1. Contact list please: Cβ distance under 9 Å, first residue in segment 92-111 and in contact (Cβ under 8 Å) with a residue 12 or more places away in the chain and closer than 23 Å to R55 by Cβ, second residue surrounded by fewer than 11 Cβ atoms within 10 Å (Cβ to Cβ) and among the hydrophobic types (A, V, I, L, M, F, W, C), pairs at least six apart or on different chains.
2. Going through segment 58-103 one residue at a time, which ones are under 15 Å from the mean Cα position of the chain (by Cα) and at pLDDT below 90?
3. Regarding segment 50-57, can at least one residue be identified that is acidic (D, E), within 19 Å of the chain's Cα centre (by Cα) and modelled with pLDDT under 90?
Amino acid sequence: MMFSTKAEYGVRVMVELARRGGGDADGVGGNPVPLAEIAAGDGLPLAYLEHLVARLRKAGLVDSRRGSRGGYMLARPAAQITMAEVVEALEGSIAPIECISQTADGSIVCARESERDHVCPTKLLWTRVRMSIIGTLRETTLADLLIAPPLAAGTQASAGLQIEPLTTGA
């Protein structure tokens, strides 16, 4: 599963708001950060960021201030903003493949299970993958990203997690 640039750029904007906003250690109560500064500093398209920040604002994750000293700032402390909130505000419901979705009551359904007696043979796998992704996003706060040391190029370990390369057995 690959997230789109909505999630990638949106998370980067949130990190920059927390870093540049000043205020307390969580980036709350500081000065608004002009989106143009973030776009220029990170080489991101301003018009696209404006679209993403509108979604983040609608989700209650950022606030804005108009005027010559205007810009955006975090609506809550960074420690209270999970990456699940950010990604879902930008991407919508998280699903590893198109046929898996969550109903209003929280149950997981597979679109290929249209008949009552048909059971999708891969539903368990994709449900577990989905829950792992959501769990990781819920456990990771914006504050975690602020204190995480940058990984060196080619490094595959983060927070003590060793990532093994996938092999096909061929």
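1. So the pair list comes out as I94/M1; A95/M1; P96/M1.
2. Once the filter is applied, which keeps residues that are under 15 Å from the mean Cα position of the chain (by Cα) and at pLDDT below 90, segment 58-103 yields G92, S93, I94, A95, P96.
3. No; the residues of segment 50-57 include none that is acidic (D, E), within 19 Å of the chain's Cα centre (by Cα) and modelled with pLDDT under 90.
The values are calculated or read from the model by the stated rules, or taken from the named source; none is laboratory data. Bear in mind that the values here come from a model prediction, so they are computed numbers and not experimental data. Every residue, glycine as well, gets a Cβ built from its backbone with ideal geometry; the counts of neighbours run over all protein chains shown.
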